[in-house]
Each structure stands twice: as structure tokens, then as C-alpha cells.
1. Please determine, in degrees from 0 to 90 and to the nearest 10, the orientation of helix 38-52 with respect to the longest principal axis defined by the Cα atoms of the chain, where the helix direction is its Cα long axis.
2. Per residue of the chain, what 222 nm ellipticity follows from adding -39500 (n - 2.57) for every DSSP H run with n ≥ 4, rounded to the nearest 500?
3. Given R₀ = 25 Å, what would the calculated FRET efficiency be for ASN73 paired with ASP36, taking r from the Cβ atoms and rounding to 0.05?
4. Can you list residues whose amide H is under 5 Å from ILE4's amide H, if they're 5+ apart or on another chain and H is modeled 1.01 Å from N?
5. With θ taken as phi - 60° and the coefficients 6.51, -1.76 and 1.60, list the Karplus ³J(HN,Hα) couplings across the range 60-65 in order, rounded to whole Hz; mark glycine and proline as x.
6. Mind checking which aspartates and glutamates have their Cα closer than 12 Å to the Cα of LYS27? Skip sequence neighbours fewer than 8 apart in that chain.
7. Explain nothing, just the number: dipole magnitude of the chain about its Cα centre with +1 on each Lys and Arg Cβ and -1 on each Asp and Glu Cβ, in debye rounded to the nearest 20.
8. Compute the helix-to-body angle for 13-22: its Cα long axis versus the longest principal axis of the chain, expressed 0 to 90° and rounded to tens.
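Throughout, read-outs are computed from the coordinates displayed, never taken from laboratory work. Keep in mind it's a predicted model, so treat the numbers as computed, not measured. FYI the Cβ positions are ideal-geometry reconstructions off the backbone, even for glycines, and counts take in every protein chain you see.
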Amino acid sequence: MHFIDALGEMCPIPIIKAEKELKKLNKGEKLVLETDHSCSIQSVVKHFEGKYNYKCSYIEVEEGIWQITIEKN
């Protein structure tokens, strides 16, 4: 599993970082993006599900910190 720390970064930076990293991954591999901006959840999920049909999920791991998992298909 690959990991991106996007704490303190607002969109579109998390999306740009995830795009770059996902290009390196093989089909079926997962990327976890950690963010502390709740608006990034909707932006990231909408972008990768809508543009690439990648499976996305998210969980709040600490108060105000979320991990978004993106599976490349």
C-alpha cells in the first residue's frame, strides 16, 4: 500500500499528488491519502471515482484527520 501525507494541504494539491503517485501503481494497488481538510474528502473521491472509476473509501482515523483509500483498477 502506498501513502501520501497531505496534512495541511488544500485542494487541488492532494489530487495532484495522488494523480502523480497513482500513475506509478499497478492495477489493483491501493493508495492512502491522509488529509485534515474535510473538503478534500469530497473533492478527491469525486475526482477519482468520476474520472477514472477508481474505488474510493475514507475513514476518520483521528478527530479531524481522514485517510482516503483509492484503489487503481
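1. Helix 38-52 and the main axis of the chain meet at about 10 degrees.
2. About -10500 deg cm²/dmol.
3. Working: r = 27 Å, r/R0 = 1.09.
After rounding, the FRET efficiency stands at 0.35.
4. Correct list: VAL32, LEU33, GLU34.
5. Each residue's phi maps through the Karplus curve to give 8, 8, 8, 4, x, 10 Hz.
6. Those aspartates and glutamates meeting the cut-off are GLU71.
7. Result for the chain is approximately 600 debye, rounded to the nearest 20.
8. It works out to around 30 degrees.
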